[in-house]
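Novice: Structure in structure tokens, see below.
The values are calculated or read from the model by the stated rules, or taken from the named source; none is laboratory data. The model shown is predicted, which means the values in this text are computed figures rather than measured ones. Cβ placement follows ideal geometry from the backbone for every residue including glycine, while neighbour counts extend to all protein chains displayed.
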Amino acid sequence: MPTNRTIYTNASILTPRGVVDGCSFSVTGNLIEDVQPSAAVSPNREDATVVDLAGRFVLPGFVDAHTHLLMLGQSLQKVQLRSAKTVEEIQSTLRTARAENPDAPRILGTSWLYSALDGQEPTRQLLDAAVPDIPVYLDANDLHSVWVNSAALAELGVTSDTADPLGGSITRDPDSGEATGMLLETAAQQIVWPALARQATDADRDSWLDSAISHYLASGVTSAVDMAVGEDDLQAFLRAQSRYGTLPLRIKGHWFIHRRETVAENLAQVSHASDLAREITSPTLRITGIKLMIDGVIDSCTASMKEPYADGTNAEPVWDREALIPVVTAADAAGLQIAIHAIGDEASNIALDALEEAYRVNGSRDRRHRIEHLETVTKENVERLARLGLVASMQPVHADPAVQENWRAVLNDHRIERGFPWTEFTAAGATLALSTDAPTAPYEPLPNMYIATTRKSALDTSLPANFPKYALGLEDALQHATRDAAFSCRAEFEEGSIAPGFRADFVILRANPFKQELEGLLENGPTTVVVNGEVQYQAASLSEGTLAARSS
Ligand SMILES: [Zn+2]
């Protein structure tokens, strides 16, 4: 008689303590019931479905500890520019998109690389040359700036009189003061994003979220931490929850705190986040904390550095200590998790100072605060972060050598060698959680693991490795993207491990990554993805024979 109990036999499993071959494990309902290092998982097999995995590799579902779900879904529908290597290639891709969609009111593109410009300024004229008649909005690869054409500037109403918002800028011609076509940091966030968001309908947002969910599930991600939740995101998550019944992808969210003029306005946002954290607590949807962005990114020289960039400029932090400390202290006191985006070495200084001050005021307890990205960081701050018990939340995809050329050029000194030093964090005793920050980088977890373990490019394997001394071992990398990523969102007793009592969220891979070269990670993928005990993805080609379930 069929029941909701399934026994998987003959598997290699990534357990919290390492890889064990020849395992069996059982799932009852939505939980892992038992894991045994042999075929015989437990005696009463009569009522169960038995699946012989024929030696396949099983790992916990990946937890993408830092992502942006709606933006990912939307970007999957935009014109893709990551592979364009020159301005001409960007222009011809735009011309094709225009020709293919003659009725489109505007062109949205994403993931262009600064290196494609080869030192040229990204100007509206370069885009006007390809598409003069409708607005064009192109997100940079890092999503921290938007490159637009003249029609888009007109649609946005940006003129030489438009003021730069706090923490961002509209690039301008030094003589005429006219906007040249780039909107950086908060200028992108506060001018472009809301204007485009106003064009989008709930149906658009629902389709973006569905698209992000299905792409994640098919790649082996079963849980995602959305790192900039606002009202539109939250409403889309709640609608999805009623649409699906139970969300097929677990979502945790950090409420995005905008820097406002007064402390009271900033604290009001924290108290709203705190209300949401109390109200939204389902096993598949939770608001766990807040997100603050102290600085921008290296690529557009908007990350705050101790020393200036190679061109002599530097960036003021979006949040200085005076503004940051009250927010961090209040959020900590409210029991919220605090995630602070800090890319420049000065930004991580500010983040650590503020958190240290909150600890001093509020006393000690398990807080699970995190610093995001940490792309350039001093040795002292690595130690300090570990001492404060903070999670280092880092994205191997951002260290892909294919997106490093401009990153290195704008620093152009010894700081390049301080880029993405993952192993320093683990050596110092910090928890390292790996993620993708999609859609600022590709969302698939296995290519991310390839970069984590080789420091080579998942986009172009012929490029030399990016300081291979910081490469992680394969088992460590996988644990950082599952077990430790679950820890980073306070889910370490529910997700991220295949162990009794944990949620049955797991991935069966086509090939055992420990039995092939690391390059195999680029070809590998799931045959089956199970979330909450239910198969949410099944590859078409490998499902027959190998995974055919039989009732015993
Ligand atoms: Zn992000």
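Novice: Taking S304, is it in a loop (DSSP other than H, G, I, E, B), touching a Pro at 6+ places or on another chain (Cβ under 6 Å) and among the small types (G, A, S)?
Specialist: So S304 fits the description; yes.
Novice: For segment 278-321, which residues satisfy the criterion of being within 18 Å of E121 (Cα to Cα) and of a type in the set (D, E)?
Specialist: Answer for segment 278-321, where residues must be within 18 Å of E121 (Cα to Cα) and of a type in the set (D, E): D299, D311.
Novice: Further question: Based on what the data block shows, is Q120 surrounded by fewer than 18 Cβ atoms within 10 Å (Cβ to Cβ) and under 27 Å from H398 (Cα atoms)?
Specialist: For Q120, the condition - surrounded by fewer than 18 Cβ atoms within 10 Å (Cβ to Cβ) and under 27 Å from H398 (Cα atoms) - is met.
Novice: Among the residues of segment 351-401, what is the count of those that are of a type in the set (A, V, I, L, M), within 16 Å of the ligand (Cβ to nearest atom) and either touching a Ser or Thr at 6+ places or on another chain (Cβ under 9 Å) or touching a residue at least 60 places away in the same chain (Cβ under 8 Å) (or both)?
Specialist: Within segment 351-401, residues that are of a type in the set (A, V, I, L, M), within 16 Å of the ligand (Cβ to nearest atom) and either touching a Ser or Thr at 6+ places or on another chain (Cβ under 9 Å) or touching a residue at least 60 places away in the same chain (Cβ under 8 Å) (or both) number 7.
Novice: Within segment 421-446, can you find the residues that are part of a helix (DSSP H, G or I) and either within 16 Å of the ligand (Cβ to nearest atom) or touching a residue at least 12 places away in the same chain (Cβ under 8 Å) (or both)?
Specialist: From segment 421-446, those part of a helix (DSSP H, G or I) are 422-427, 445-446; that's our starting set.
Once the filter is applied, which keeps residues that are part of a helix (DSSP H, G or I) and either within 16 Å of the ligand (Cβ to nearest atom) or touching a residue at least 12 places away in the same chain (Cβ under 8 Å) (or both), segment 421-446 yields W422, T423, E424, F425, T426, P445, L446.
Novice: Which one is modelled with the lowest pLDDT, of the residues in segment 369-419 that are farther than 15 Å from M305 by Cα and assigned to a loop (DSSP other than H, G, I, E, B)?
Specialist: Q404
Novice: What single numbered condition from (1) in contact (Cβ under 8 Å) with a residue 60 or more places away in the chain; (2) of a type in the set (A, V, I, L, M); (3) in contact with a helix residue (DSSP H, G or I) (Cβ under 6 Å, 6 or more places away or on another chain); (4) buried (at least 24 other Cβ atoms within 10 Å of the Cβ) fails to hold for A303?
Specialist: Result: A303 passes all but (3).
Novice: Let me ask something additional. Mind telling me which of the residues T461, T440 ends up being more than 27 Å from R490 (Cα to Cα) and either modelled with pLDDT under 95 or of a type in the set (A, V, I, L, M) (or both)? Write out each step before concluding.
Specialist: Details: T440 fails: more than 27 Å from R490 (Cα to Cα).
Step by step, each of T461, T440 is checked, and only T461 is more than 27 Å from R490 (Cα to Cα) and either modelled with pLDDT under 95 or of a type in the set (A, V, I, L, M) (or both).
Novice: Which of (1) among the β-branched types (V, I, T); (2) within 19 Å of the chain's Cα centre (by Cα); (3) modelled with pLDDT of 95 or more is the odd one out, the single condition I298 does not satisfy?
Specialist: (3)
Novice: Here is a follow-up. If I go through segment 117-137 residue by residue, how many of them are in contact (Cβ under 8 Å) with a residue 40 or more places away in the chain and more than 15 Å from E88 (Cα to Cα)?
Specialist: 2
Novice: Out of (1) more than 21 Å from the chain's Cα centre (by Cα); (2) polar (S, T, N, Q); (3) within 16 Å of the ligand (Cβ to nearest atom), what's the single condition that is false for T288?
Specialist: Unmet condition: (1).
Novice: For residues that are surrounded by fewer than 21 Cβ atoms within 10 Å (Cβ to Cβ) and in contact with an Asp or Glu (Cβ under 9 Å, 6 or more places away or on another chain), scanning just segment 42-76, find the one that is modelled with the lowest pLDDT.
Specialist: Going through the qualifying residues, I end up with S42.
Novice: Just to be sure before I move on: is S348 hydroxyl-bearing (S, T, Y) and within 16 Å of the ligand (Cβ to nearest atom) in the structure I sent?
Specialist: In short, yes.
Novice: Does segment 89-103 hold any residues that are within 20 Å of P122 (Cβ to Cβ) and small (G, A, S), and which are they?
Specialist: Matches in segment 89-103: S92, A97.
Matching residues to (1) more than 16 Å from the ligand (Cβ to nearest atom); (2) in a strand (DSSP E or B); (3) not assigned by TED's automatic domain parsing to the domain that holds N149:
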position: S176; (1), (2), (3): yes, no, no
position: L183; (1), (2), (3): yes, yes, no
position: V192; (1), (2), (3): yes, no, no
position: D210; (1), (2), (3): yes, no, yes
position: S214; (1), (2), (3): yes, no, yes
position: Q235; (1), (2), (3): yes, no, yes
position: R243; (1), (2), (3): yes, no, yes
position: H254; (1), (2), (3): no, yes, yes
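Novice: Restricting attention to strands (runs of 3 or more DSSP E) lying wholly within segment 6-98, give those where 2 or more residues are of a type in the set (V, I, T) and within 16 Å of the ligand (Cβ to nearest atom).
Specialist: Working: elements: 18-28, 31-36, 49-52, 57-60, 62-67.
Where strands (runs of 3 or more DSSP E) fall fully within segment 6-98 and carry at least 2 residues being of a type in the set (V, I, T) and within 16 Å of the ligand (Cβ to nearest atom), they are 62-67.
Novice: Mind checking which residues of segment 486-521 are outside any loop (DSSP other than H, G, I, E, B) and surrounded by fewer than 19 Cβ atoms within 10 Å (Cβ to Cβ)?
Specialist: Selection gives F514, K515, L518, E519, G520.
Novice: Sticking with this one: Based on what the data block shows, is V79 surrounded by 21 or more Cβ atoms within 10 Å (Cβ to Cβ) and at pLDDT 95 or above?
Specialist: yes
Novice: Taking segment 168-226 as the search range and keeping residues that are over 22 Å from the mean Cα position of the chain (by Cα) and of a type in the set (S, T, N, Q), which one is farthest from F487 (Cα to Cα)?
Specialist: This residue is S176.
Novice: Does segment 133-161 hold any residues that are in contact with a helix residue (DSSP H, G or I) (Cβ under 9 Å, 6 or more places away or on another chain), more than 16 Å from the ligand (Cβ to nearest atom) and either at pLDDT below 95 or closer than 16 Å to V87 by Cα (or both), and which are they?
Specialist: V136, Y137, L138, W147, V148, N149, T159
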